[in-house]
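Read through the structure below, which is laid out as structure tokens, and then see the notes.
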Amino acid sequence: MNPVVDKPELAEPYMFGWLASLGLGVEYTRSQKDSLYYRDTSGDEIEVLDLVGGYGSTIHGHNNPEIIEYTKSLLDSGSPIHAQFSRHPYANDLAWTLNTILHREFGDDEHYQVIFANSGAEANEVAIKHAEMDRVLKIGEALAEVEAHIEAAIAAAASGATLDASPLPGSDLDEVVAALRAANAERAATPPVYLAPEGSFHGKLAGSIQLTHNVAYRTPFTAMAAPCRFVPLDADAVSAAIAAESRTLFDLAVDGGVIRVVERPLPVISAYVLEPIQGEAGIRVLDADSIARVRERLDAAGIPVIVDEVQSGMGRSGAFFAASHLGLRGDYITLAKSLGGGVAKAAVTLIRSSIYRTDFELLHTSTYAKDSLSTLVALRAVEMLEADGGAAYRRAAERGDKLLAMLRSLRDEFGDVVKDVRGKGLMTGLEFHDLSGSDSDIIAEQAKGGLIGYMFSGYLLREHNMRVFPTASATSTLRFEPSIHITDEEIARTETGLRTLIGLIRDEDGKALLG
């Protein structure tokens, strides 16, 4: 028998070491509802109140019994997970269910086609890929129209039409047409651009990372995909960005026996991408009036809107789609996280029928997307939200109001420490004032390094058995995304831990916080 040796850490060793240094490197062995469990050095099981909720993935709680039993039944029945390129009626059932909810919440009866994926980042990639395919096809259609107009101009010239002064080089129609085609070929190759509000986060894949505002995430990969312009959520700022990216194609028009060179818009901006509640920016609910004004400018320019509901969707806001609170019906809508019921890896991209390009289905495929297990579990998770007349949405709103009221009471009482409280439903954030000027070297150093929220997380886990993390791009904001099952006692327990944390921050006791 070979001797037992210690295995070096090979599974993301830097991340493990970083978590361990903050007291967050805990191995959890069991979970249920809003609790995770680990065993201490004596082997005793320790319960931890989990307020992270898989970054919004557990609206039904950890290991929901109904979902677990249903998943077991699928596995026991031998449900064919790997049956790609065949009929999947359960996928169509999920698509219809999502459309029914969408029609109810937005008061519109247009259908959305559904493309399946495995994660939120992939669902967003689907949306931006389809939007870009649509843009490229529109350019091709515009160039085809230009060619038809060229033929019409040639025919008109043969009948005696004259060429007006042209901005293009050439003294006759043939030379102007050659210059027009060359210029259009160059302009049609203009690379695409996306627009997004400041603070956006849409994933970390090659395309979606460009839509993530945090420059630290984007910088190493800026050459890999289409860029994004981040603009304030302001109609005039959006209009200015659209104007800055405006390009045209040359065309010919025949009017009264005169052939003129004219210009027509060239689509450059593929889409505008947003989250109705910005998660990683610090749990920021977008303003409905501002969104409406921005949408008017986008519609006028023919720019589609991608609404990322990966974290905010699935009932977390008190409605299935958080964007319904804003009156914002996206041209594309992405869902993931809680769509899998806290068990499966499931995601979808919904695309308005009026803009859907059917050939996309042949160009984008995914091995595990639309498999029977994840899709059927997703359908059950949605049906559970819809049950009893949407009781889950009402509970999310009521539990969220209770949690927000508690956090706001802390802000009101400790305004010198707590800067703001934001959120809607069970997606809330508590922001601390800047602590980089603290008299505690430990606190100041952690704040300057962007790690202050993680230090607070380590303290709350170590001393209060509470699992809370900061938002990725605003680490002075702690996020709270529990399930609809969170109890009054657990909210009170959260308050107790936060009160103690705030007291140590007030006392500038960095040693106690760092442990």
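A few points about this structure:
- A simple spin-label model places pseudo-atoms 7 Å from Cα toward Cβ; at residue 154 and residue 402 they are separated by 7.5 nm.
- Only lysines eight or more places from residue 138 in sequence, or on another chain, were considered; those with a Cα closer than 23 Å are 129.
- Legend: ranking of residues 345, 72, 337 from fewest to most surrounding C-beta atoms inside 10 Å; resulting order 72, 345, 337.
- Fewest-first ranking of 171, 476, using other Cβ atoms within 10 Å as the exposure measure: 171, 476
- For the set 424/448; 204/345; 419/448; 337/402, the pairs lying more than 20 angstrom apart at their alpha carbons are 424/448; 337/402.
- The residue 9 and residue 361 beta-carbon pair, evaluated with R₀ = 60 Å, returns a calculated FRET efficiency of approximately 0.90.
- Among the trypsin sites (Lys or Arg not before Pro) in region 196-236, those placed in a DSSP loop whose Cβ has at most 15 other Cβ atoms within 10 Å are 204.
- Two tests apply to each whole DSSP H helix in the chain, Cα reach of 15 Å or more along its axis and mean Kyte-Doolittle hydropathy of at least -1.0, and the ones passing both are 65-76, 89-106, 120-158, 173-188, 288-301, 372-413, 452-464, 488-506.
- Neighbourhood charge, 15 Å Cβ-Cβ cut-off, centred on residue 266 and excluding it, Lys, Arg +1 and Asp, Glu -1: -2
- Each Cα pair under 8 Å and six or more residues apart adds its separation to the average, and for region 89-370 the resulting relative contact order is 26 percent.
- For the chain, the relative contact order comes to 21 percent (Cα pairs under 8 Å, sequence separation of at least 6).
Where a number appears in this text, it was derived from the coordinates with a stated rule and is not lab data. As the structure is a prediction and not an experimental result, all values here were calculated from the model. Ideal geometry is used to build each Cβ from the backbone, glycine not excepted, and the neighbour counts take in all protein chains shown.
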